[in-house]
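The values are calculated or read from the model by the stated rules, or taken from the named source; none is laboratory data. Computed from a predicted structure; not experimentally measured. With ideal geometry, Cβ positions are generated from the backbone for all residues, glycine too; neighbour counts draw on all protein chains shown.
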Amino acid sequence: MRSTTSANLILILAASLWSLGGLFIKLVDLTPIAITGTRSLAAACVFLIYLKELKWDWNRYFIIGVFSYAAMMLLYVFSIRLTTAANAIFLEFTAPIYVVILSYYLLNERITLFDIVSMVIIFFGMGLFFIDELTFYGFWGNIMAAIAGVCLGIVTVIIRKEKESAFQIVLFGNILTSIVCIPFMFTGLTETVFSDWIIIFVLGIIQLGIPYILYTMALRYVQAIDAILVSMIEPILNPVWVYLFVGEKIGEWAFVGGVMVLLGSVGRALIKLKIEEKK
C-alpha cells in the first residue's frame, strides 16, 4: 500500500511540474519548435545524469515507445499552430481512452465502473474548463492533437509494460525529438536574448526531465489508467500558475470544470487508496 500511496503522490508532483510550462513559455520570445527542441535536449541531459549508464532492449515496444514519445511532442507543437490551444490540450488529453484499450490488450489491466465514472467526470470537467475556447476551427491541427493523445496513451502503456527499459525509452524519445527540431530551431526567430534560451533549458529540466523521471518511476507501482488520470490535473493547474504570477483571470465555468477534474483525478486516487487500506 505504501508503494501505491507514494506513487500517487509522485504522480501529483509530476503533473504539478508539467503544469509550469505555460508560465515559463509566456516569459520567452521563441518559436514553438525552438522551445520543444531545447526542452527535450535538457530533458535528455537529465535522464543521462540520472541513468549514469545506458542499457536498452531494442524490441518492438521499445522502438514504438521512442517514436510515439517524439511524435507526441512534435504533433502537439504543430497542432498549437494549426488550431486553438484549448482544442490541442483537450484533444491530447483524450489519452485515457487509448490507455484503457491498450492496457486491456498489452497489460491485461481491466478498468472498473469506478474508473469509467471518474473518466466521465474528468472529461466533462475538461469540457467546462475550456468551454469558452473550444471551437471547430483548425481541422488538421485538431487531427494532430488527437494523434498526440493516442501517442500519449501508447507511451504511458509501454512505460508500464517495459519496466526495465522505461527510462531509456523516454531518454531516446527526447533525443529523437531534439534531433528533429534542431534544423528548424532558429528559423523564424528575429531578435532573441540569451536569457530566453536559458529559461527554456531550465524549463526542460524542471518541467520535462524531472517529472518524466517521476512519472516513469510511479508507473512501476500503479496501473496505467491510474497514472494517466492523475496526470489530468496538469492542464488545469497550468492556467492557475499563469493567473497567480501573470494575472490572467480564470472564468467561472473554467473554475467549476477545474474542480471537477481535480475531484475526478486526485479524488479518485484518494478513494482508491482508502479502499485498498480496508482490504
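Which ones in segment 205-224 are under 18 Å from Ser16 (Cα atoms), part of a helix (DSSP H, G or I) and out of contact with any Cys (no Cβ under 8 Å at 6 or more places or on another chain)?
Once the filter is applied, which keeps residues that are under 18 Å from Ser16 (Cα atoms), part of a helix (DSSP H, G or I) and out of contact with any Cys (no Cβ under 8 Å at 6 or more places or on another chain), segment 205-224 yields Ile206, Gln207, Leu208, Ile210, Pro211, Tyr212, Ile213, Leu214, Tyr215, Thr216, Met217, Ala218.
Tally up the residues in segment 197-250 that are at positive phi and among the hydroxyl-bearing types (Ser, Thr, Tyr), please.
Selection size over segment 197-250: 0.
Got a sec? Which of Phe184, Phe245 is among the aromatic types (Phe, Trp, Tyr), surrounded by fewer than 15 Cβ atoms within 10 Å (Cβ to Cβ) and at pLDDT 80 or above?
Phe184
Look through segment 92-107, keep the residues that are closer than 15 Å to Ser265 by Cα and not aliphatic (A, V, I, L, M), and return whichever of them is surrounded by the most Cβ atoms within 10 Å (Cβ to Cβ).
Pro96
Residue pairs, Cβ under 9 Å, 6 or more apart or interchain, first in segment 232-250 and more than 20 Å from Ser265 (Cβ to Cβ), second part of a helix (DSSP H, G or I) and modelled with pLDDT of 80 or more. List them.
From segment 232-250, no pairs qualify.
What's the total number of residues in segment 156-172 that are more than 14 Å from Ile213 (Cβ to Cβ) and surrounded by 24 or more Cβ atoms within 10 Å (Cβ to Cβ)?
Summing the residues that are more than 14 Å from Ile213 (Cβ to Cβ) and surrounded by 24 or more Cβ atoms within 10 Å (Cβ to Cβ) in segment 156-172 gives 4.
Got a sec? Which of Ile205, Ile275, Ile169 is without any contact (Cβ under 8 Å) to a residue 12 or more places away in the chain and more than 29 Å from Leu134 (Cα to Cα)?
Ile275
Give the number of residues within segment 19-69 that are hydroxyl-bearing (Ser, Thr, Tyr) and within 15 Å of Thr216 (Cβ to Cβ).
Within segment 19-69, residues that are hydroxyl-bearing (Ser, Thr, Tyr) and within 15 Å of Thr216 (Cβ to Cβ) number 4.
Could you name every one of the helices (runs of 4 or more DSSP H) located completely within segment 79-158 that has at least 1 residues being out of contact with any Asp or Glu (no Cβ under 6 Å at 6 or more places or on another chain), within 19 Å of Val230 (Cβ to Cβ) and among the polar types (S, T, N, Q)?
The qualifying helices (runs of 4 or more DSSP H) are 113-129.
Would you be able to say whether some residue in segment 61-83 is charged (D, E, K, R) and at pLDDT 90 or above?
Checked segment 61-83: no residue is charged (D, E, K, R) and at pLDDT 90 or above.
So the check is Cβ under 7 Å with 6+ separation or different chains; which pairs have a first residue in segment 108-119 that's over 14 Å from Ser265 (Cβ atoms) and a second one that's loosely packed, with under 12 Cβ neighbours inside 10 Å and of a type in the set (Gly, Ala, Ser)?
Filtered contacts from segment 108-119: no entries.
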